[in-house]
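Contents: one structure, followed by commentary.
The values are calculated or read from the model by the stated rules, or taken from the named source; none is laboratory data. Values in this document were obtained by computation on a predicted structure and should not be read as measured data. Virtual Cβ from ideal backbone geometry, glycine too; neighbours counted across all protein chains shown. Side chains are part of the model used for accessible areas, which takes the heavy atoms of the whole protein and leaves out ligands, DNA and RNA. Shrake-Rupley method; radii C 1.70, N 1.55, O 1.52, S 1.80 Å.
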Amino acid sequence: MINIANLSEDFPIEVTPEEYETLKNRKVNGWSNCETQKEWMVKLHYLRKGFKEKKIPADQFFARERDLVLNWWRRWC
């Protein structure tokens, strides 16, 4: 299981590796548009993990993270 709320010790949100891959790779209406909170959290987890491991350059990381957050907020406004 992968804890996509890895900073939360009391309330982890876990997904299977298969579900993680499916949600991470979902691209309906663009990669930065998420249908569910779990998909959104998986994508944030993926980006932050990649950035921490130096697999994603800072400029790409900040742009993608911004797009994910703003698209999620717009969905509810």
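Search segment 1-22 for residues that are over 14 Å from Lys43 (Cα atoms) and pair each with any residue that is among the polar types (S, T, N, Q) and surrounded by 11 or more Cβ atoms within 10 Å (Cβ to Cβ) when their beta-carbon atoms are under 6 Å apart and the residues are at least 6 apart or on different chains.
As it stands, the answer is Pro12/Asn3, since those pairs meet every condition given.
If a residue has to be open to solvent by 60 Å² or more (accessible area, probe 1.4 Å) and part of a loop (DSSP other than H, G, I, E, B) to count, how many in segment 14-44 make the cut?
Filtering segment 14-44 down to residues open to solvent by 60 Å² or more (accessible area, probe 1.4 Å) leaves 14, 17-19, 21-22, 25, 27-29, 35-38.
Filter once more, so that each one left must be part of a loop (DSSP other than H, G, I, E, B): 25, 27-29, 35-36.
Going through segment 14-44 one residue at a time, the tally reaches 6.
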